[in-house]
Each structure stands twice: as structure tokens, then as C-alpha cells.
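Notes to accompany the following structure.
The values are calculated or read from the model by the stated rules, or taken from the named source; none is laboratory data. Just so we're clear, the structure is a prediction, and the values are computed from it rather than from any experiment. As a convention, Cβ positions derive from the backbone with ideal geometry for all residues, glycine included, and neighbour counts pool all protein chains shown.
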Amino acid sequence: MVNCCEGSCKSGISGRIARASGTCDNQADKLPEYRRITRVIIRNGRRSSFWLDVWHGNAPLSQSFPALLSHSTRQHCSVRQVKQAGLPLGLTPRLSSAAREDLAEVQDIIQQLELSSGMDQRIYSPNGHSETFSSSSLYQFLSSSNLPNCANWDFVWNNAALPRVQFFA
């Protein structure tokens, strides 16, 4: 399991392959966008970021409690790790008054959270409300955002192949 302070591509043979191929960098670049269009229903909390995923309310806790986040030394912990160890474990010793207020609210959220044995569930939620995933809604979302085209964009989409063939490139 990934340590609180480690990224997913830091150790082992798969990590070395990912770093050598650049896969880790590409995935890391897309992760904020992925988190922006999904929300998480917490079950066991193992694969959900406490600060960065949307799992409580309509925004990640990093946006809802920025003062407290600025005092966190472990910003990549899972929901489960924070529930088991407690939040003060990853905070700097001296909190600002705003961070102390945020801490009280976040501790209430943690206390109310009940973990279960199932896997966390991600729901496609591009506009803040859950909806059934469809390729057309994802395409509309991605085409309306200002994401740069990938290096192979012209090769895939600007060629003589039929559109139904281009789709599988």
C-alpha cells in the first residue's frame, strides 16, 4: 500500500518502468482534472484522498479548509489513514486561529464518517451533480475545457480514416 507521503509511482519495478516511460508524469498531470469531474462515495477509504477528492460536500476539503491544509504535513493521505490515525498527527505544531477553527469542523466530519468493508465508489459528476456516465457527456466536458491536445491529436483525428476507425486509434 502507498505510504501517506509517497506518490503511486515511487517504488518497485512498476514505478521504475512508469518513471522511465513517462507514464507517471502523464497520469499525475491528468489527476486533478479527473478529480474535478468525479466524486467519491466512501466505503473503506483506502483509495480516496482525504484532501484532494470530493467526498464530503461539493468541493474537496483542500478548497473548503485551505487554512488547515496549509498546516498539513501529509497532504496525500487517504481518508482511511486520517480516520484511523487522526488528523492532528499530520499537522504542524502551531496552528493559526483560522486553522484551529477549521480543525474543529474537520474533526466533526471525521467523527461522523463510518468506514465499511467495500471499495470506494467514484461517480462521474462534471457539474457537481451525479449523473450516469456517457461518452457523449464526457466528450462535451473535455471539448469545452481548455485542455491542450495530446501529441498524437493530428495523427488520430486529421487523417483519411473513417470516423468510426479514428475513434479506436
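Of the residues making up the range 104-118, those that are assigned to a loop (DSSP other than H, G, I, E, B) and loosely packed, with under 12 Cβ neighbours inside 10 Å number 4. Note on the range 28-68: among residues that are over 9 Å from the mean Cα position of the chain (by Cα) and polar (S, T, N, Q), the one that is surrounded by the fewest Cβ atoms within 10 Å (Cβ to Cβ) is N58.
Candidates F133, F168: the one that is at pLDDT below 90, in a loop (DSSP other than H, G, I, E, B) and touching a strand residue (DSSP E or B) at 6+ places or on another chain (Cβ under 9 Å) is F133.
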